[in-house]
1. Expressed as a rounded percentage, what relative contact order does the range 1-85 have, with Cα pairs under 8 Å and six or more residues apart?
2. Can you sort GLU165, GLU96 from fewest to most other Cβ atoms within 10 Å of each residue's own Cβ?
3. Taking 8 Å as the Cα distance limit and 6 or more residues as the minimum spacing, I'd like the relative contact order of the chain as a percentage.
4. Given GLY63, PRO38, GLY28, which one lies farthest toward the positive end of the charge dipole of the range 1-103, if we put +1 on the Cβ of every Lys and Arg and -1 on the Cβ of every Asp and Glu?
5. How many nm separate the modelled label positions at LEU111 and GLN125, each set 7 Å beyond the Cα in the direction of the Cβ?
6. Please report LEU145, LEU111 as a ranked list, fewest other C-beta atoms within 10 angstrom at the top and most at the bottom.
7. What FRET efficiency do you get for ARG104 and SER15 if R0 is 22 Å and r is their Cβ-Cβ distance, rounded to the nearest 0.05?
8. Taking the Cα centre of the chain as origin, work out the dipole magnitude from +1 charges on Lys and Arg Cβ and -1 charges on Asp and Glu Cβ, in debye rounded to 20.
Amino acid sequence: MTWIFGYGSLIWDPSFAYRDARPACLHGWRRRFWQGSPDHRGIPTAPGRVVTLVEDEAAACWGIAFNISGSDTNRIFDALDARESGGYVRMSVDIEFADDTCIRATTYLALPDNDNFLGPASTSQIAAQIRECAGRSGHNVDYVLRLASALRDFDVFDEEVHGLEACLKALIDGQ
């Protein structure tokens, strides 16, 4: 069985066929809007911000694990490699389902040494950047709002995502 762990846009837009999709937790990692997106949610001169994972021993990141078919595995990974270009690399991780079952899965993360890594900033700085950015996959604000909604759909509160969502809504309402 091959599993893919999604913690960002894959949650609401996997863009591939799968046999099963289940909420799962990745321990020791935290979701952060520290990766620049010069293509999907921004442009090279004004990159948007999308999530990556940052190691944090005390953290847990909830996402969705997708079980894919053996015959489709190479095609799916080829498409994901193209989609997750711009600094993301494949990594094998151990994830845990709500029933305490642990499995090995593949995820994509952007390491700090990639050219598009933006690193930390305050919530208000990140929100201001996201508010101004758009790319071929749409406006960067939509990315944040869809991620926040998708996490809410399976009863997950993520301080980073939902805090940024609130900040963006305040910025937009206060125009």
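1. Numbers: 146 pairs, mean separation 35.4, N = 85.
Relative contact order of the range 1-85: 42 percent.
2. The fewest-first ordering by Cβ neighbours comes to GLU96, GLU165.
3. Working: 332 pairs, mean separation 49.0, N = 175.
28 percent.
4. PRO38
5. About 2.4 nm, to one decimal.
6. Lowest count first: LEU111, LEU145.
7. Efficiency for this residue pair is about 0.50.
8. Taking the Cα centre of the chain as origin, the dipole is about 440 debye.
Values in this text are rule-based calculations from the coordinates and carry no lab data. Note that the coordinates shown come from a computational prediction; the quantities given were computed from them, not determined experimentally. Every residue, glycine as well, gets a Cβ built from its backbone with ideal geometry; the counts of neighbours run over all protein chains shown.
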